[in-house]
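The values are calculated or read from the model by the stated rules, or taken from the named source; none is laboratory data. Keep in mind that this is a model prediction, so the values were computed, not measured. So basically every Cβ, Gly included, is an ideal-geometry build from the backbone, and we count neighbours across all protein chains shown.
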Amino acid sequence: MSEYCAFCKIVKGLEPSWTVYEDDLVKAFLDINPANEGHTLIIPKKHYETIYEIPDKELKRVIVVAKKLARLYKSALGANAINILHASGREAQQDVFHFHIHLVPRYKRDGLNLWYRSKPKIKAEFDKTIQKIKISLNL
């Protein structure tokens, strides 16, 4: 646990949260700055900054909880769809450095646009990109 981490403080009960799910490894609570009704953060209880550090066991539990809540939000909140969002690292726009995913329920005509714009120049370099990946994988 990090004494400076807002999410660690929530896990310890030092900060308020609107918990929707909790077990021995994971906690899920409503995002204080929601994009939509039911916008939930799902975190491991132990402090890991990014996807690079989180052990597989906790990562698997986070995604399983995301699936359970997505199904629940479909019936309980009338969500039509779901976005699962994650950022690891400053350049990816991570702002709380405790691994977390955003579960954002989507509703007809909710007006949210959470998607990226394509970069055609990168597509033109796919052969070079795949070569770099294969070299790193020793293929």
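Every residue, every condition in (1) charged (D, E, K, R); (2) modelled with pLDDT of 95 or more, yes or no:
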{"position": "Tyr4", "(1), (2)": "no, no"}
{"position": "Phe7", "(1), (2)": "no, yes"}
{"position": "Tyr21", "(1), (2)": "no, yes"}
{"position": "Asp31", "(1), (2)": "yes, yes"}
{"position": "Pro44", "(1), (2)": "no, yes"}
{"position": "Leu59", "(1), (2)": "no, yes"}
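Within the stretch 29-47, work out how many residues are within 16 Å of Phe97 (Cα to Cα), under 13 Å from the mean Cα position of the chain (by Cα) and buried (at least 18 other Cβ atoms within 10 Å of the Cβ).
Qualifying residue count for the region: 4.
All but one of (1) modelled with pLDDT of 95 or more; (2) of a type in the set (Phe, Trp, Tyr); (3) more than 17 Å from Ala6 (Cβ to Cβ) hold for Trp115; state the number of the condition that does not hold.
Among (1) modelled with pLDDT of 95 or more; (2) of a type in the set (Phe, Trp, Tyr); (3) more than 17 Å from Ala6 (Cβ to Cβ), the lone unmet condition for Trp115 is (1).
Just the residues that are small (Gly, Ala, Ser) and in contact (Cβ under 8 Å) with a residue 12 or more places away in the chain, please, taken from the stretch 96-139.
none
Which numbered condition in (1) within 23 Å of Ile10 (Cβ to Cβ); (2) among the hydrophobic types (A, V, I, L, M, F, W, C); (3) in contact (Cβ under 8 Å) with a residue 12 or more places away in the chain is the only one that Ala79 fails?
(1)
Tally up the residues in the stretch 81-123 that are part of a loop (DSSP other than H, G, I, E, B) and surrounded by fewer than 10 Cβ atoms within 10 Å (Cβ to Cβ), please.
11
Search the stretch 91-139 for residues being within 21 Å of the chain's Cα centre (by Cα) and among the basic types (Lys, Arg), and hand back the single one that is farthest from Leu59 (Cα to Cα).
As a first pass, look at the stretch 91-139 and keep what is within 21 Å of the chain's Cα centre (by Cα): 91-107, 110-117.
Then drop every residue that is not among the basic types (Lys, Arg), which leaves 106, 117.
Working: Arg106: 23, Arg117: 28 Å.
Filtering the stretch 91-139 for residues that are within 21 Å of the chain's Cα centre (by Cα) and among the basic types (Lys, Arg), the one farthest from Leu59 (Cα to Cα) comes out as Arg117.
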